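Colleague: Attaching a single structure in structure tokens format; questions to follow.
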Amino acid sequence: MKVRQTLVTLATALLAAACTAPAEITQAPSPAPTCALPATITPAPSYTPPADEVVADEPTALYMLALTWAPEECHARAGDPDYATQCRTNAFGFVVHGLWPNGAQRRHPRYCGPAPAISPATVRRHSCMTPSPVMLQHEWAAHGTCGWETPEAYFEQAADLWDDVRQPVLSSTTMTAGAVRDAFVAANPWMKREGIYIKTVEGDRLMDVRVCYDLRYWPMACLSIGAPDRVMLTITPKRAG
């Protein structure tokens with residue numbers, strides 16, 4: 001992934017010289033936020049998944065890096081103690097929901113093996129990327145076990161991909177899904193526009209932006225794109241930080 005960053009440096013410079021991004025789009029100063037963490041973070045316990053959610057025999061055809069718009073998550077979970085780091089003590093934009101091995105159709109690998117509780121050190125290391133111990137444990141159990149031997153290996157792969165993503169600043173409370181895709185491509189020229197899936201929740205509120213990769217972790221077109229370009233999204237503003 002670092003090689004790709006080097007390869008796109010020249011392309012980025014040429015793009016900047018050739019065109020000007022829309023006025024509502026600016027680029028964040030760093031690839032991932034730093035954040036305030038509590039002195040102690042307690043890992044979530046391991047759990048037994050529902051039997052009907054176990055899909056251990058589906059081959060991986062591609063990967064999705066799912067990025068959640070934290071202000072929208074906090075719109076629903078502000079009172080949840082597990083989301084205190086995300087929703088009370090920090091002012092995140094996008095955070096990593098998870099790295100997902102996906103199947104070639106609608107059936108995807110899930111819960112492919114045992115998922116013991118993540119160590120406190122690993123939870124802390126990745127709590128500015130995915131600021132929820134419960135979500136970290138869930139992502140390791142549901143997705144990490146379908147391609148990685150340890151939670152450390154899984155989250156390091158997710159962090160490597162996340163480090164390559166430059167977050168566009170979504171400064172308007174309404175944008176079309178197409179404008180959001182354009183924002184990501186403007187900030188990340190290596191991305192494929194058709195490789196950006198947008199998930200909404202009730203009322204066409206922006207929830208996730210998901211980036212698709214092939215099995216070598218190179219960008220590829222997603223099998224579907226979620227919200228079409230024409231859909232006008234409501235974007236919950238970031239909290240003041």
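The values are calculated or read from the model by the stated rules, or taken from the named source; none is laboratory data. Owing to the predicted nature of the structure, the values given are computational and were not obtained by experimental measurement. Virtual Cβ from ideal backbone geometry, glycine too; neighbours counted across all protein chains shown.
Colleague: Specify which of the listed residues (51, 21, 56, 16) is modelled with pLDDT of 50 or more, over 22 Å from the mean Cα position of the chain (by Cα) and surrounded by 10 or more Cβ atoms within 10 Å (Cβ to Cβ).
Modeller: The match here is 56.
Colleague: Next question, about the same structure. Report whether or not residue 154 is within 18 Å of residue 216 (Cβ to Cβ) and either touching a strand residue (DSSP E or B) at 6+ places or on another chain (Cβ under 6 Å) or modelled with pLDDT of 95 or more (or both).
Modeller: Yes.
Colleague: Looking at the range 72-83, I want the residues that are touching a residue at least 60 places away in the same chain (Cβ under 8 Å) and have a partner that is polar (S, T, N, Q) and assigned to a loop (DSSP other than H, G, I, E, B) with Cβ atoms under 8 Å, at least 6 apart or on another chain. Which pairs are those?
Modeller: Pairs found: 72/236; 74/236; 75/236.
Colleague: Name the one entry in 78, 117 that is farther than 17 Å from residue 163 by Cα and at pLDDT below 95.
Modeller: 78
Colleague: Something else: Which of the residues spanning the range 209-241 are within 14 Å of residue 66 (Cα to Cα) and in contact with a Cys (Cβ under 6 Å, 6 or more places away or on another chain)?
Modeller: Scanning the range 209-241 gives 212, 222.
Colleague: Continuing with the same structure: Being in a loop (DSSP other than H, G, I, E, B) and touching a residue at least 40 places away in the same chain (Cβ under 8 Å) is the filter here, so list the residues in the range 189-224 that pass it.
Modeller: 189, 190, 214, 215, 217, 218, 220, 222, 223
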